[in-house]
1. Within region 33-46, is even one residue modelled with pLDDT of 95 or more and closer than 25 Å to Gly97 by Cβ?
2. Please state which of the following conditions Asp84 fails to meet, knowing it meets all the rest: (1) touching a residue at least 24 places away in the same chain (Cβ under 8 Å); (2) within 16 Å of Asp26 (Cβ to Cβ); (3) under 13 Å from the mean Cα position of the chain (by Cα).
3. For residues that are among the aromatic types (Phe, Trp, Tyr) and modelled with pLDDT of 95 or more, tally how many sit in region 60-71.
4. Would you point out the residue of region 78-98, among those that are charged (D, E, K, R) and within 26 Å of Ala11 (Cα to Cα), that is surrounded by the most Cβ atoms within 10 Å (Cβ to Cβ)?
5. Hey, any hits in region 49-59 for a residue that's modelled with pLDDT under 95 and not β-branched (Val, Ile, Thr)?
6. Restricting attention to region 36-44, does a residue exist that is within 14 Å of Arg86 (Cβ to Cβ) and crowded, with 16+ Cβ neighbours inside 10 Å?
7. Test Gly19 against the stated conditions and say whether it is surrounded by fewer than 15 Cβ atoms within 10 Å (Cβ to Cβ), closer than 24 Å to Arg93 by Cβ and either of a type in the set (A, V, I, L, M, F, W, C) or in contact (Cβ under 8 Å) with a residue 24 or more places away in the chain (or both).
Amino acid sequence: MTLSGDTEAFAGLAAFADGSDVLVHDCSFPDGVDVSNHPTPTSLGESLSDVDIGTVVLSHLYPHTGGREAEMRDAVRDAGFDGDVRMASDGLRIQIGSDTSG
């Protein structure tokens with residue numbers, strides 16, 4: 001699992017997260033909002049297009065994202081990310097791997 005901070009999408013972080021089951025990444029605004037210092041879904045998807053990550057969880061969500069969750073998930077995929085895309089929410093739990101130890 002890889003957890004980003006409050007950051008833009010960039011190749012170095014994508015390369016660092018390559019091979020992770022889950023990447024939690026800042027995606028504060030939907031496409032079309034003029035913003036700096038935060039990725040849009042399209043810029044995030046583009047930065048993740050050449051890495052192998054199972055699931056990206058969009059976090060650090062601003063109120064502008066309300067009601068646009070499906071659009072944001074689709075934009076990440078349309079930009080080249082081929083894994084699962086989820087939206088962060090309070091109390092969200094994601095199982096990583098499986099516990100077969102008994």
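The values are calculated or read from the model by the stated rules, or taken from the named source; none is laboratory data. The structure presented is a predicted model; accordingly, all values stated were derived computationally and were not measured. Quick reminder, even Gly has a Cβ in these numbers, built from the backbone with ideal geometry, and neighbours come from all protein chains shown.
1. Scanning region 33-46 turns up at least one residue that is modelled with pLDDT of 95 or more and closer than 25 Å to Gly97 by Cβ.
2. Here Asp84 meets the rest and fails (2).
3. Keep residues of region 60-71 that are among the aromatic types (Phe, Trp, Tyr), which gives 62.
Now narrow it down to the ones that are modelled with pLDDT of 95 or more: none.
The number of residues fulfilling the criteria is 0.
4. Only one residue tops the list, namely Arg86.
5. Residues of region 49-59 modelled with pLDDT under 95: none.
Checked against the condition, which is being modelled with pLDDT under 95 and not β-branched (Val, Ile, Thr), region 49-59 yields no hits at all.
6. First, the residues of region 36-44 that are within 14 Å of Arg86 (Cβ to Cβ): 41, 44.
Applying the additional criterion that residues be crowded, with 16+ Cβ neighbours inside 10 Å yields 41, 44.
Yes, there is a match, as at least one residue in region 36-44 is within 14 Å of Arg86 (Cβ to Cβ) and crowded, with 16+ Cβ neighbours inside 10 Å.
7. Working: surrounded by fewer than 15 Cβ atoms within 10 Å (Cβ to Cβ): yes; closer than 24 Å to Arg93 by Cβ: yes; either of a type in the set (A, V, I, L, M, F, W, C) or in contact (Cβ under 8 Å) with a residue 24 or more places away in the chain (or both): yes.
It is true that Gly19 is surrounded by fewer than 15 Cβ atoms within 10 Å (Cβ to Cβ), closer than 24 Å to Arg93 by Cβ and either of a type in the set (A, V, I, L, M, F, W, C) or in contact (Cβ under 8 Å) with a residue 24 or more places away in the chain (or both).
Residue-wise test of (1) in contact with a Ser or Thr (Cβ under 7 Å, 6 or more places away or on another chain); (2) in a loop (DSSP other than H, G, I, E, B); (3) among the basic types (Lys, Arg).
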{"site": "Gly45", "(1), (2), (3)": "no, no, no"}
{"site": "Val51", "(1), (2), (3)": "no, yes, no"}
{"site": "Leu58", "(1), (2), (3)": "no, no, no"}
{"site": "Ala70", "(1), (2), (3)": "no, no, no"}
{"site": "Arg73", "(1), (2), (3)": "no, no, yes"}
{"site": "Val76", "(1), (2), (3)": "no, no, no"}
{"site": "Ser89", "(1), (2), (3)": "no, yes, no"}
